[in-house]
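None of the figures in this text is laboratory data; all of them are computed from the coordinates on show. The structure presented is a predicted model; accordingly, all values stated were derived computationally and were not measured. Cβ sites come from the backbone with ideal geometry, for glycine too, and all protein chains shown count toward neighbours.
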2 protein chains.
Amino acid sequence: MSTTVGIIGLGLLGGSMAKALRAFTDYEVIGYARRQEVCDAALLDGCVSSASTDVTDIIENSHIVVFALPPDRNAKLFTETAHLFRPGMVVTDVSSAKRNFVKAVYDAIPEGVRFVSIHPMAGSERGGFEMTTKELFRHTTWIVLDDPSKACWSEQVAQELSNMGRAFGARVIHVLLDEHDDYLASVSHMPHLMAATVAVVGGGGEDGTFRMQLAAGGFRDVTRICAGNPSMWREILRGNREAVLRELTEVETQVARLKELLVADDEGRGLEEYLRKAKAIRDTFTELMVK
Amino acid sequence: MSTTVGIIGLGLLGGSMAKALRAFTDYEVIGYARRQEVCDAALLDGCVSSASTDVTDIIENSHIVVFALPPDRNAKLFTETAHLFRPGMVVTDVSSAKRNFVKAVYDAIPEGVRFVSIHPMAGSERGGFEMTTKELFRHTTWIVLDDPSKACWSEQVAQELSNMGRAFGARVIHVLLDEHDDYLASVSHMPHLMAATVAVVGGGGEDGTFRMQLAAGGFRDVTRICAGNPSMWREILRGNREAVLRELTEVETQVARLKELLVADDEGRGLEEYLRKAKAIRDTFTELMVK
């Protein structure tokens, strides 16, 4: 009998995982969605062998349960359903800010149930089952969160979830669970807020729409991600607020520095040096992504 | 006899204009580059019928002279070569910050020479003749700068340069010259600095390279443009410093607001509202770009 993965939430990440599991592995896949039409779409697609709007149904019939709702809803739902988990079962989640969900799990996970969190660094500003694809994870980073001091954490499960990412064509990286949210504040959550800021400053206000007619690929790319789901991002950002606040303070320091460099009496040498540093960092990122 | 366009600088914009003029119009095209190997590459490509490292040569044989170097170098070169321009000739430039070049032109342009500035909103973080393409301007915005109170400005030349943009497949928009740099600070120069800031904060410091291994498409897109040429951007940003400083101050206001919203005792309603506003602005931009 094959192992059954139950996916809680068939949005962009959950639905794409269902499709990738179906296409690239031997797991049986079942899924929960709040709305019957999403269940119907997933069944029609064939990426799940069964779908339900009753989460109990899905958890009770799964070996591995993937929480793929926004972080606060994952946490709330785990608390409500923890009693359904039996020894040997596996809990995981795919969200971008871990703190609240992890707390909910550690508070209520029954003995013998194992928990290893993952974070597939794949996404889009457009969500929903209609945007899902089995190729979402290819050439992306698949973070597996290590927390070896916890009894419910399991090396074997971490290995199984790593293999899942590899089967999807992703690069697997292990990160300590405790450090994950700080890192993500830096390379994902703060960039999201800066995209929103550039959109508001560049394209807001009375003549914002006219100004945006003059904008080009730079504005397009800097602001792209702020078209993402505001409700999901509220949960991510508030769930990681201390680290996000620290990063925003660092942004303020850098903006103050740039203002000095713009008016410095040095023929722009300091500003050019700053731009060179930023370019060197970005060029390093390009090299990392090619690997 | 056909009209000859002399392009001063065969980098991404100048070289792409040469190729587009050659492909889509009847103009004869000649070009100046500082380095002989760039002249040779342009001649080999066939986009210019003649190329020279002697700028006098090119100006003396042109009807329309396109300054396509970074803004300060354009300004300096115009001042040095203004005496070469004869009545009936046309001066234009394609740079992203107009103030310094425009001042140099208005200070020294000989009587009877006409000047209409343009700004093709096309570019890339990768420059140089090797990146040029005749398709660079297709579906992009081609700004024609109006300054009708100036004697050297010409409606007829503005029309000719507009038609050039249309021939290249661009959307033409007219903007008052006086207002151009303020608009660009908002939708191009400030976004460039925020891309640099996100790169430095997200990917700088001791473990920056490790953190960037965890980054994904969001970080990639927000930071893309800061890989552009630091020396060119120094000239653009310093050439438009007052307006850029105003935009950075506006960024500071927004960041302070976001910090308040992250910790507000409102269950994230204010933060979600902010993210909704940013998303609505970005969605409007997407609609504008499709038109």
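Which FRET efficiency value, to the nearest 0.05, do you get for residue A:265 and residue B:106 by plugging their Cβ-Cβ distance into 1/(1 + (r/R0)^6) with R0 = 30 Å?
0.70
For a 26 Å ceiling on Cα separation, which of these pairs sit above it: A:259/B:103; A:98/A:134; A:98/A:150; B:19/B:103; A:98/B:259?
Numbers: A:259/B:103 24 Å; A:98/A:134 24 Å; A:98/A:150 15 Å; B:19/B:103 29 Å; A:98/B:259 20 Å.
Violating the 26 Å limit, Cα to Cα: B:19/B:103.
For residue B:115, enumerate residues with amide H under 5 Å from its amide H, sequence gap 5+ or separate chain, H modeled in the peptide plane.
Placed amide hydrogens put B:91, B:153, B:154 under 5 Å from residue B:115.
Given 20 °C and 1.002 mPa s, compute D for the protein assembly as shown with the Stokes-Einstein relation, Rh being the Kirkwood radius over Cα pairs; round to the nearest whole µm²/s.
On the way: Rh = 25.9 Å.
Value of D from the Cα-based Kirkwood radius: 83 µm²/s.
Mind checking segment A:191-245 for GluC sites (Glu not before Pro) that DSSP puts in a loop (not H, G, I, E or B) and that have at most 11 other Cβ atoms within 10 Å?
Taking segment A:191-245 and a limit of 11 other Cβ atoms within 10 Å, the loop GluC sites (Glu not before Pro) found are A:206.
Only Cα pairs under 8 Å and at least 6 apart count here; give the relative contact order of chain A as a rounded whole percent. Intermediate results must be reported in sequence, preceding the final value.
Values: 481 pairs, mean separation 44.6, N = 291.
Here the relative contact order equals 15 percent.
Distance in nm between label sites at residue B:37 and residue A:34, each 7 Å beyond Cα in the beta-carbon direction?
Here the modelled spin labels are 6.0 nm apart.
Please state the shape class of segment B:89-157: rounded when a/c is under 1.5, otherwise prolate if a/b exceeds b/c and oblate if not, all from the C-alpha gyration tensor. Please report the intermediate quantities before stating the final value.
Numbers: a/c = 2.41, a/b = 1.97, b/c = 1.23.
Prolate, since a/c reaches 1.5 and a/b exceeds b/c.
Taking the convex hull of the alpha carbon atoms in chain B, what volume per residue do you get, in Å³? Walk me through the intermediate numbers first.
Numbers: hull volume 44.4 nm³, N = 291.
Normalising the Cα hull of chain B by residue number yields 153 Å³.
When 1/r is averaged over all different Cα pairs and the result inverted, which Kirkwood radius in Å belongs to segment B:34-171?
On the way: mean 1/r = 0.0633 Å⁻¹.
Result for segment B:34-171, one decimal place: 15.8 Å.
For the residue pair residue B:174 and residue B:61, what label-to-label distance in nm results when each label sits 7 Å from Cα along the Cα-to-beta-carbon direction?
According to this spin-label approximation, the distance is 3.5 nm.
Within 10 Å of each Cβ in B:248-257, how many Cβ atoms from other chains are there, averaged over the peptide?
For peptide B:248-257, the averaged partner shielding equals 6.
How big is the convex hull of the Cα atoms of segment A:133-285, per residue, in Å³? Write out the running numbers ahead of the final one.
Numbers: hull volume 27.1 nm³, N = 153.
For segment A:133-285, the hull spanned by Cα atoms encloses 177 Å³ per residue.
Using a Gaussian network for chain B with springs between C-alpha atoms less than 10 Å apart, which of these wobbles most: B:165, B:202, B:14?
It is B:202.
On alpha carbon coordinates alone, what is the Rg over Rh value for segment A:125-212, Rh being the Kirkwood radius?
Details: Rg = 18.6 Å, Rh = 16.2 Å.
Over the Cα atoms of segment A:125-212, Rg/Rh equals 1.15.
So how do B:144-151, B:32-39, B:222-229 stack up, highest first, on mean other-Cβ count within 10 Å?
Numbers: B:144-151: 16.0, B:32-39: 18.0, B:222-229: 26.1.
Sorting B:144-151, B:32-39, B:222-229 by mean packing, highest first, produces B:222-229, B:32-39, B:144-151.
Averaged across the residues of A:173-186, what count of C-beta atoms belonging to other chains lies within 10 Å of each residue's C-beta? Don't skip to the end; give the middle numbers.
Details: counts 3, 0, 4, 0, 0, 0, 3, 1, 0, 1, 8, 3, 2, 13.
Mean number of neighbouring Cβ atoms from other chains: 3.
Quick one: net charge around residue B:153, please, counting Lys, Arg +1 and Asp, Glu -1 for every other residue with C-beta under 9 Å from its C-beta.
On the way: positive: B:114, B:150; negative: B:146, B:147, B:155.
Overall, the nearby charge balance is -1.
Shortest first and in nm to one decimal, what separations exist between residue B:264 and its copies in the other chains, measuring from label points 7 Å along the Cα-to-beta-carbon line?
Values, ascending and in nm: 3.7.
Which three semi-axes in whole Å describe the equivalent ellipsoid of segment B:198-291, each the square root of 5 times a Cα gyration tensor eigenvalue, listed largest first?
Details: eigenvalues 131, 88, 61 Å².
Semi-axes, largest first: 26, 21, 17 Å.
If you average the sequence gap of Cα pairs under 8 Å that are 6 or more apart and divide by the length of segment B:4-176, what percent do you get for the contact order? Before the final figure, lay out each step's value.
Details: 383 pairs, mean separation 38.6, N = 173.
Relative contact order, segment B:4-176: 22 percent.
What Kirkwood radius, in Å to one decimal, follows from the Cα pairs of segment A:1-115? The partial results should precede the final answer.
Numbers: mean 1/r = 0.0722 Å⁻¹.
The Cα-based Kirkwood calculation yields 13.9 Å.
Take peptides A:261-268, B:116-123, B:249-256, A:73-80 and line them up by average Cβ neighbours within 10 Å, highest first, as a rough protection proxy. Show your work: numbers first, answer last.
Details: A:261-268: 14.6, B:116-123: 24.1, B:249-256: 17.2, A:73-80: 19.6.
Highest to lowest by the protection proxy: B:116-123, A:73-80, B:249-256, A:261-268.
For peptide A:123-133, what's the mean number of Cβ atoms from other chains within 10 Å of each residue's Cβ? Don't skip to the end; give the middle numbers.
Details: counts 3, 2, 7, 0, 0, 0, 0, 0, 0, 0, 0.
Other-chain Cβ atoms within 10 Å of each residue's Cβ, averaged: 1.
If we count every other residue with Cβ under 12 angstrom of residue B:166's Cβ, Lys/Arg +1 and Asp/Glu -1, where does the sum land? Before the final figure, lay out the partial values.
Details: positive: B:138, B:171; negative: B:160.
After counting each charged neighbour, the total is +1.
Net charge near residue B:196: determine it from the other residues with C-beta under 12 Å of the C-beta of residue B:196, scoring Lys and Arg +1 and Asp and Glu -1. Walk me through the numbers on the way to the answer.
Values: positive: A:257, A:276, A:277, A:279, A:282, B:224, B:234; negative: A:272, A:273, B:125.
Overall, the nearby charge balance is +4.
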